[in-house]
Amino acid sequence: MAECIYVFKRFERFWHWSQAGLIMFLMLTAFDIHGTYTIFGFEKAVAYHTIAAWSLIGLWVFAIFWHFTTGEWKQYIPTTEKVVAMMNYYLFGIFKNAPHPFKLTQLRKHNPLQRLAYLAIMVCVGPLIWVTGVLYLFYDNWAAWGLGKLSLEWVANGHIAGAFMMLAFLIAHVYLTTAGHTPMAHIKAMITGWEEVD
């Protein structure tokens, strides 16, 4: 029998959707900057990209503060328990209507693969994008900071690599939101906060 539990708090939902919107806008402006297409033009795209990047960094800083002050950081502690079961479910079981191997609760919002993926984004991909983006933005200050020998090409390629990793995560994330008991169940939960569980 299914029941509804309140999983995602108001700030989590705000953070999630604001972050998603800013990341998609950053990707839109980035492809414009690189000349893939022209929507805003190079100068405006750079200005909009910079504003969105600072907004996202501000949101991340506040979200980190929120996670630590509320104890929600514990949701991201990695575990190897049921990792293989989750991989089998996503690779095969989901197509055979197999039961989900993870039981969601208020204290365990993320399955083991989600924990690993979100931790990798927060510890590897995010910092790669932040550091290379800030270095890129303050290129004129490198000599004063003692970074005169740093390669702009390496910084730019690192930023692009981080951005494509984020894009790959975004695509996988959006696809997996459809893996609930209905295709819109997980999306609805991130809008209302309430998740239906067995």
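The values are calculated or read from the model by the stated rules, or taken from the named source; none is laboratory data. Note that the structure is a prediction, hence the values are computed from the model and not measured. With ideal geometry, Cβ positions are generated from the backbone for all residues, glycine too; neighbour counts draw on all protein chains shown. Side chains included, ligands, DNA and RNA excluded: accessible areas come from the protein's heavy atoms. Shrake-Rupley method; radii C 1.70, N 1.55, O 1.52, S 1.80 Å.
Overview of values
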quantity: Flag if residue 60 is at pLDDT below 95 and part of a helix (DSSP H, G or I); calculated: yes
quantity: Residue that is least open to solvent (accessible area, probe 1.4 Å), among those in the stretch 90-143 that are among the charged types (D, E, K, R) and assigned to a loop (DSSP other than H, G, I, E, B); calculated: 109
quantity: Within the stretch 1-59, considering residues that are free of Cβ contacts under 8 Å to residues at least 60 places away in the same chain and charged (D, E, K, R), the one least open to solvent (accessible area, probe 1.4 Å); calculated: 32
quantity: Counted residues, the stretch 164-198 - those being surrounded by 13 or more Cβ atoms within 10 Å (Cβ to Cβ) and hydroxyl-bearing (Ser, Thr, Tyr); calculated: 3
quantity: Residue match in the stretch 125-133 (condition: in contact with a helix residue (DSSP H, G or I) (Cβ under 7 Å, 6 or more places away or on another chain), polar (S, T, N, Q) and over 26 Å from residue 181 (Cβ atoms)); calculated: yes
quantity: Test result for residue 161, open to solvent by less than 40 Å² (accessible area, probe 1.4 Å), out of contact with any Cys (no Cβ under 7 Å at 6 or more places or on another chain) and over 18 Å from residue 8 (Cβ atoms); calculated: no
quantity: Single condition residue 14 does not satisfy, out of (1) in contact with a helix residue (DSSP H, G or I) (Cβ under 8 Å, 6 or more places away or on another chain); (2) at pLDDT 95 or above; calculated: (1)
quantity: Scope the stretch 88-111; condition under 30 Å from residue 159 (Cβ atoms) and at pLDDT 90 or above; matching residues; calculated: 110
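Matching residues to (1) assigned to a helix (DSSP H, G or I); (2) of a type in the set (A, V, I, L, M):
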| position | (1), (2) |
| --- | --- |
| 4 | no, no |
| 24 | yes, yes |
| 28 | yes, yes |
| 31 | yes, no |
| 35 | no, no |
| 39 | no, yes |
